[in-house]
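Step one of this worksheet: look at the structure below.
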Amino acid sequence: MIACDGFVGNAILKSSEALAEGLISGLTAAFMDSWYTKLGGILALPALRRFKRSWTTPSTAGPHCWGSRASPSSATAAATPAR
């Protein structure tokens, strides 16, 4: 985990979002190039979905800890009332 101020943290967040969008659009364009790359994309779809789920942040608040099976915790998670 890296701690930084709001400006730097936002710049890092926006940069990582742009990188992810670029990768997704690049992969989509590569898989849509011809009929055999489309077939490869269809065959790769289950693996790509598993990969996406491994990087998706859980619905609970807190930092995403890649590879960790434990539930993340943070001050915001503790501050929200239980329903």
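A short reminder: the numbers here are calculations on the coordinates, not readings from a lab. What you see is a predicted model, and the numbers here were worked out from it, not measured in a lab. FYI the Cβ positions are ideal-geometry reconstructions off the backbone, even for glycines, and counts take in every protein chain you see.
Numbers for the structure displayed
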read-out	value
Selection from CYS4, GLY41, THR28 lying farthest towards where the dipole of segment 1-51 points positive, charges on Cβ	GLY41
Cα-projected label distance for LEU23 with ASP5, points at 7 Å along beta-carbon direction, nm	3.0 nm
